[in-house]
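J.: Below is one structure. I have some questions about it.
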Amino acid sequence: MNEDRKRVLTLLAEGKITADEAERLLNALDNTASKAGNVLPRVGRAPKYLRVEVDADRPVSGPTKVNIRVPMMLLRAGVRLSSLIPPTARDEVNEAMAKQGVTFDINQLKPENLEELIEQLGDLTVNVDNDKAKVRIYCE
């Protein structure tokens, strides 16, 4: 554990900061290390959030920054709700996705497969970097 993380945990233990403040500080430390190219391993813990960051500069509309943090619990709830979709509607969704070039069978999305899906998402990292935009999608 590095010194900055120890310091945050010490401040939390001493009651000088709240748990929410500690979480924000630890996430900031993780994000700083990630941006520097030093992605910290999660060491056996499941991801809690799916993060999407976009930093773009468009000539017409100007700079755009997006920072979305989606809780994995929302994904879990969505998968459970997908079991309520009638079979005919599932077929329509699959057909519409196939027309768009996405070969995905919504019927395979089942609550019993959910934890494996989330575990696999933990390894997801997407980085797009060009002169007009930077996009990062990862789990934390």
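J.: So Val70 passes all but one of these: (1) free of Cβ contacts under 8 Å to residues at least 40 places away in the same chain; (2) within 24 Å of Glu23 (Cα to Cα); (3) part of a helix (DSSP H, G or I). Which condition number does it fail?
T.: All conditions are met except number (3).
J.: Just give me the residues in the range 121-140 being over 27 Å from Arg58 (Cβ atoms), surrounded by 11 or more Cβ atoms within 10 Å (Cβ to Cβ) and at pLDDT below 80, in sequence order.
T.: Leu121, Gly122
J.: Looking at Gly101, Gly78, which is the one that is over 18 Å from Tyr49 (Cα atoms) and not hydroxyl-bearing (Ser, Thr, Tyr)?
T.: Within the list Gly101, Gly78, the selection yields Gly101.
J.: Ok, one more. Residues being surrounded by 12 or more Cβ atoms within 10 Å (Cβ to Cβ), modelled with pLDDT of 85 or more, assigned to a helix (DSSP H, G or I) and among the small types (Gly, Ala, Ser): count how many of those fall in the range 1-60.
T.: Of the residues in that region, 0 qualify.
J.: Pairs, please: C-beta under 7 Å, at least 6 apart or cross-chain, first residue in the same structural domain as Glu119 (by TED's automatic domain parsing) and in the range 40-57, second at pLDDT 85 or above and of a type in the set (S, T, N, Q)?
T.: Going by the 7 Å Cβ cut-off, the qualifying pairs are Glu53/Asn67; Val54/Thr64; Ala56/Thr64.
J.: Let me ask something additional. Only one of Glu115, Glu95 is loosely packed, with under 11 Cβ neighbours inside 10 Å, out of contact with any Pro (no Cβ under 7 Å at 6 or more places or on another chain) and in a helix (DSSP H, G or I). Can you tell me which?
T.: Numbers: Glu115 fails: loosely packed, with under 11 Cβ neighbours inside 10 Å.
Just a single option satisfies the conditions, and that option is Glu95.
The values are calculated or read from the model by the stated rules, or taken from the named source; none is laboratory data. Please read these numbers as outputs of a predicted model, since none were measured by experiment. When we count neighbours, we look across all protein chains shown, and the Cβ atoms used for this are built from the backbone with ideal geometry, even at glycine.
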